[in-house]
Amino acid sequence: MGSPRSTRRKLPIFLTTRFGRELFGLFVLCALGPIVVLALLSWSHVSAELREQSRARMWQATRSGGMRIVDRLTRIARELSEVDPARTIPDWVADELVGLAELGRDGVVRPIDGSVPTLARLTEAERTRLDTGAPLLRESEADGTLLVLQRGARGSWLVGAVDPSTAFQLSVDADLPFGSDYAVFTLDGTLLAGSRADLRMIPADAVGERRIMSRRIGSSNYEMLGWSVFLRAAFDHSDIQVVVAEREDLVLAPVAAFRTMLALIAALALTMVALLSAALIRRRLVPLDRLREGTRRAAAGVLTCPVQISSDGEFGELATSFNEMMSRLDSQFRSLDRLIAIDRAILATSPRDLRVEDAFLEAFAELYPSGSVLLAIAAETELIVHALGRSGETRRSTVFPLGEQDRRW
């Protein structure tokens, strides 16, 4: 196991100090905050925009789907008005109707083609409407088959039986957005047609016109929107409701791609911020770390090792001042040491002992290498003169004897 010291050496230099770690974390946090806020706002805006587009598609689909149902029923009624039971039955009857019959004035249904279920007796108002050439739309009480009643070409009443799943069927290509589902209900909640059997779980009155409802069907969440198709005027029938539903995961599918792209952009931005922050902090903290090491050396008594910082900024000026201060302190300490050595030599030796002169001259040569000195030592009967030249060589002059008068002076 590595020691904490070796572990710290493996880290970048700006992470080995508390100040560096705090500064680096502050830079990253300052960058991370706006990125997170921007991501949340972008996510919310994109999701809301996708939902709004989905609702606009569903609203358009319900309207176009409802109008298509009305057009289909209107076409069947118009084609029935041109049918003459005494002639050949047109080909479209087999394609669009499951059965065709003639309705007598006595209420008896006489099949012409296919099978037509029994029909409840018409009211007087309904008879009058048929005589005027206006169609009627009814449901069979037996099996729910849709019945279109219209006056034929010879004035007889014709009944066309229509499969509701065909009459109310909507096409994905023509009416519905891709991946959506639909259902057609009566106002009492009876499902007339739909793309999914489990849409029966949706009560028709729970989805109002242009009102969004969320509902979980199976394993998926759906958003639904309904539109009422007005049939009272054209077919004397209660309104039906067309409901279009879109899966929430399909609606928000572009958000997944956007999320991946946003995550990559955020990661790239954070990486760039981290690298730039590391470079900037390192530029600032490396000189500071060297100054710290210099102060530690100075505290340990090492004053001759200058701090090497190649910077023109404040740290460079601080390093220059620090080195000058250490140089002066070293010079003063060396001068003090030499003076102490001279004092010790003076106190410990006689005037003629060379150790005093040597100690003084050596101290002067070390403190002032470019200077010269003349040292004179007066004894009781003689004057000893020593000289130190600029070359650093020491020579002793001849001893000068002192007279009585000189000794008194």
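The values are calculated or read from the model by the stated rules, or taken from the named source; none is laboratory data. Treat the numbers as computed from the prediction; the structure is a model and nothing was measured. Here Cβ is always computed from backbone atoms with ideal geometry, including for glycine, and neighbour counts include all displayed protein chains. Ligands, DNA and RNA are stripped out before the accessible areas are found, and what is left, the full protein with its side chains, is counted by its heavy atoms. Shrake-Rupley method; radii C 1.70, N 1.55, O 1.52, S 1.80 Å.
So here's what we get for this one:
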| read-out | value |
| --- | --- |
| Rounded, prolate or oblate (a/c below 1.5 giving rounded, otherwise prolate when a/b exceeds b/c) for region 25-130 by Cα gyration tensor | prolate |
| Approximate spin-label separation L26-T166, in nm, with each point projected 7 Å along Cα-to-Cβ | 7.9 |
| Cα principal axis extents for region 75-179, largest first, Å | 49, 29, 25 |
| Gain in span if fully extended, A233 to S335, counting 0.36 nm per residue against the direct Cα distance | 24.8 nm |
| Mean accessible surface per residue for region 83-131, computed with a 1.4 Å probe while every protein chain stays in place, in Å² | 59 |
| Ordering of 237-244, 320-327 by burial proxy (mean other Cβ atoms within 10 Å per residue, highest first) | 237-244, 320-327 |
| Using alpha carbons only: equivalent-ellipsoid semi-axes of region 248-293, gyration tensor based, whole Å | 43, 7, 4 |
| For W92, net neighbour charge (Lys/Arg +1, Asp/Glu -1) across residues whose Cβ lies under 13 Å away | -3 |
| Computed E for R75/L187 - FRET, C-beta separation, R0 35 angstrom, nearest 0.05 | 0.90 |
| Region 241-308-region 141-156 distance, computed between alpha-carbon centres (Å) | 76 |
